[in-house]
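Asks: First, the structure itself, so that you have it in front of you.
Since every read-out is calculated from the coordinates, none of them should be taken as a lab result. Here the structure is a predicted model, which is why all the values come from computation and not from measurement. Reconstructed Cβ throughout: ideal geometry from the backbone, glycine too, with neighbour counts over all protein chains shown.
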Amino acid sequence: MEMLLKIEEREIYPLVEIAKIERTEITETMASLLHEWIEKKVIGMYTDGRISLWKAAEIMGLSSWEMIDVLAERGARIQIGRCTGPRDCVRVAGT
């Protein structure tokens, strides 16, 4: 699916500058920034208990195991069952 997006002129300048510095096309820069934002948002919704691990993985286009790896890399708490107290949530060692 493709989508046409309108971007205000004042918001284009930072994108152009980031693309120049990273030596990438502006569309690549935008896609990368969007992916980073989505990942951050999904992890936040998961750690807040608003979505399940399965839903987080679905949104990210990953398997549940891959999503667990992403959560571990980001130092997020991985919930086992319902997280009703601190003993129900596991923080991966080293994070």
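Asks: Report Rg(Cα)/(2.2 N^0.38 Å) for the range 10-91, keeping two decimals.
Replies: Here the answer is 1.37, to two decimals.
Asks: Can you give me the relative contact order of the range 10-91 as a percent, contacts being Cα pairs under 8 Å and 6 or more apart?
Replies: So the answer I get is 15 percent.
Asks: A further question follows. What trypsin sites (Lys or Arg not before Pro) in the range 1-77 are in a loop by DSSP, with at most 15 other Cβ atoms within 10 Å of the Cβ?
Replies: Lys6, Arg23, Arg50, Arg74
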